[in-house]
Amino acid sequence: MTIRQARDMIARRETTVHDLTDHALKAIRTHDGAIHAFLDVYEEELTRHSVSSQFGIEGALLAGIPIAIKDNILIAGKKATAGSKMLETYEAAYDATVITKLKEAGAVFIGKTNMDEFAMGSSTENSAFGPTKNPHDPARVPGGSSGGSAAAVAAGECIAALGSDTGGSIRQPAAFCGVVGLKPTYGAVSRNGLIAMASSLDVIGPITKTVEDAEIMFNVIKGKDPLDSTTVELHNMEHGAWNKEKKLRIGVPKEYFGEGLHPEVKQAVEAALKMLHDSGFRIHDISLPHSDYALAAYYIIMPAEISANLARLDGIRYGLSKDADDLLGVYMKSRRAGFGAEVRRRIILGTYVLSAGYYDAYYTKAQQVRSLIKRDFEKAFEEVDVIVSPTTPTPAFKFGEKSNDPVEMYLSDIYTVSANLAGIPALSVPCGVSKDGLPIGIQFMGRWFEEEILFEVGKEVEKMI
Ligand code: GLN
């Protein structure tokens, strides 16, 4: 069931909040043993509060809708592990701004979902609590890092979910699990209460069954927040550059359709493009010439910010703490025991690229490349309204296929990181299935704060599939 359907059924008194919650809990009981999308399910509490009036803010946008939350987003009084041993017993002291907004809209939180440790990964294999399975094929990964949220939506264990996206962590798992994922514009959604990975790239967004549901969720969580100074009030699109009368122009960047792209993914995306063309969209070939450098720039800037953000996890202030003879010993023992291999790798890389003598060669250079990538998009958006690409180079891969080769794993983010570097919104929508029955996603990237156009094109793709 979608948010829209559930809302209509509640309005017509064909279902109750209690039934919706009960249905989600039953699905979790039936499927989650095999899928492991959840780290925590609020079963007892939800069963206790089984009276609909507890939650049903009649008429509210999300009244009674069971929603799952990625475990790096804080809900007061609930555990927030970020998929790490370091925070295994940590309980949040306050609600993230997005949680406050969802509560005000009447949403019911069903539980917290699995993720790669501190959102570092593309498969959930980096979770300290074991991986999540792809509901379409349990031998394959659900993607990551928001793999638990995407799998939970795909398996019907919740109606919608929140994820976070630093380099693709909403869109890539959405594509692998056959659901919709939106990475909003940087600054459109508050990061207050999100456990930070790389602060200049991180953004919270919805994972849903339909584009319309993503739009509903986005409209609830967006907006300026005094607790996150990078947020802004969103412009009304009616006054934006986009004129609904004109036919939307879709740009196809040649750099996103080259080497390394799986033929079945290419075929599915091209078929969707052809249908968009046939229904009146104008298709243009474009170029984003610095795309080749995006992954390299991302894998310098992101670890640099990680090394700074994760310094606070020192065995003193938060989380896991190990005894030692002196303070340095506490730091070293706690961090060694608390962090997994990938997190340690990125802290080491990030500390290195920020170190005196290397700072200019790596970090400054990467920031310059980031500006060039942003400029590529600014130029392209003078000619087109939306840019299209595959979300991922391949359908979902098998467990263990890439986990021993970090660079192979990093390459699965090749089409998603640019949107984070530029700060633009990007939407992944299912556009087909492979011969093996694995979902394939198409990505639409838009101008800053023009999510609305992405929804429009996304809905068009949904109609065709
Ligand atoms: N897979 C990417 C990485 O490992 C993206 C992570 C994310 O968006 N949180 O960095």
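The values are calculated or read from the model by the stated rules, or taken from the named source; none is laboratory data. Everything quoted here is computed from the prediction, not taken from an experiment. Here the Cβ positions follow ideal geometry from the backbone for every residue, glycine too, while neighbour counts run over all protein chains shown. Quick note on the areas: whole protein, heavy atoms, side chains included, nothing else; ligands and nucleic acids left out. Shrake-Rupley method; radii C 1.70, N 1.55, O 1.52, S 1.80 Å.
In this structure, Ile306 qualifies as farther than 18 Å from Ala422 by Cβ and surrounded by 15 or more Cβ atoms within 10 Å (Cβ to Cβ). Residue pairs whose Cβ atoms lie under 7 Å apart, sitting 6 or more positions apart in sequence or on different chains, and linking a residue in the stretch 276-295 that is closer than 13 Å to Ser418 by Cα and in contact (Cβ under 8 Å) with a residue 12 or more places away in the chain to a partner that is among the acidic types (Asp, Glu) and surrounded by 14 or more Cβ atoms within 10 Å (Cβ to Cβ), are Leu288/Glu255; Leu288/Asp376; Pro289/Asp376; His290/Asp376; Ser291/Glu255; Asp292/Glu255; Leu295/Asp413. When Ile75, Ile69 are checked against the criterion of being modelled with pLDDT of 95 or more and touching a helix residue (DSSP H, G or I) at 6+ places or on another chain (Cβ under 6 Å), a single residue qualifies: Ile75. All conditions but one from (1) more than 26 Å from Asp413 (Cβ to Cβ); (2) crowded, with 24+ Cβ neighbours inside 10 Å; (3) of a type in the set (Asp, Glu) apply to Glu91; the one that does not is (2). Considering only the stretch 318-338, I want to know if a residue exists there that is open to solvent by 80 Å² or more (accessible area, probe 1.4 Å) and at pLDDT below 95. Yes - at least one qualifying residue is present in the stretch 318-338. Among the residues making up the stretch 101-128, those that are assigned to a loop (DSSP other than H, G, I, E, B), of a type in the set (A, V, I, L, M, F, W, C) and either farther than 18 Å from Lys79 by Cβ or under 18 Å from the mean Cα position of the chain (by Cα) (or both) are Ala105, Ala107, Met115, Met120. Counting the residues of the stretch 132-163 that are over 15 Å from Tyr42 (Cβ atoms), more than 14 Å from the ligand (Cβ to nearest atom) and not aliphatic (A, V, I, L, M) gives 9. Residues of the stretch 129-143 that are assigned to a loop (DSSP other than H, G, I, E, B), at negative phi and open to solvent by less than 40 Å² (accessible area, probe 1.4 Å): Thr132, Val141, Pro142.
Quick check on this structure: which one of Ile204, Ile195, Ile216 is within 16 Å of the ligand (Cβ to nearest atom), open to solvent by 10 Å² or more (accessible area, probe 1.4 Å) and not hydroxyl-bearing (Ser, Thr, Tyr)? Just one listed residue meets the conditions, Ile195. Lys398 satisfies every condition listed in (1) open to solvent by less than 80 Å² (accessible area, probe 1.4 Å); (2) in contact (Cβ under 8 Å) with a residue 40 or more places away in the chain; (3) not hydrophobic (A, V, I, L, M, F, W, C) except (1).
You will find that of Leu427, Leu438, the residue that is surrounded by 24 or more Cβ atoms within 10 Å (Cβ to Cβ), in contact with a helix residue (DSSP H, G or I) (Cβ under 9 Å, 6 or more places away or on another chain) and at pLDDT 95 or above is Leu427 and no other.
Residues checked against (1) in a loop (DSSP other than H, G, I, E, B); (2) among the aromatic types (Phe, Trp, Tyr); (3) at pLDDT below 90:
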{"position": "Lys26", "(1), (2), (3)": "no, no, no"}
{"position": "His31", "(1), (2), (3)": "no, no, no"}
{"position": "Ala34", "(1), (2), (3)": "no, no, no"}
{"position": "Leu39", "(1), (2), (3)": "no, no, no"}
{"position": "Glu44", "(1), (2), (3)": "no, no, yes"}
{"position": "Leu61", "(1), (2), (3)": "yes, no, yes"}
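The residues of the stretch 165-201 that are closer than 22 Å to Ala96 by Cα and either of a type in the set (S, T, N, Q) or part of a helix (DSSP H, G or I) (or both), listed by number, are Thr166, Ser169, Arg171, Thr185, Ser190, Asn192, Ser199, Ser200. Kindly evaluate Ala361 against the criterion of being in a helix (DSSP H, G or I), open to solvent by 10 Å² or more (accessible area, probe 1.4 Å), farther than 30 Å from Arg140 by Cα and small (Gly, Ala, Ser). Yes; evaluated as a whole, the condition is true for this residue.
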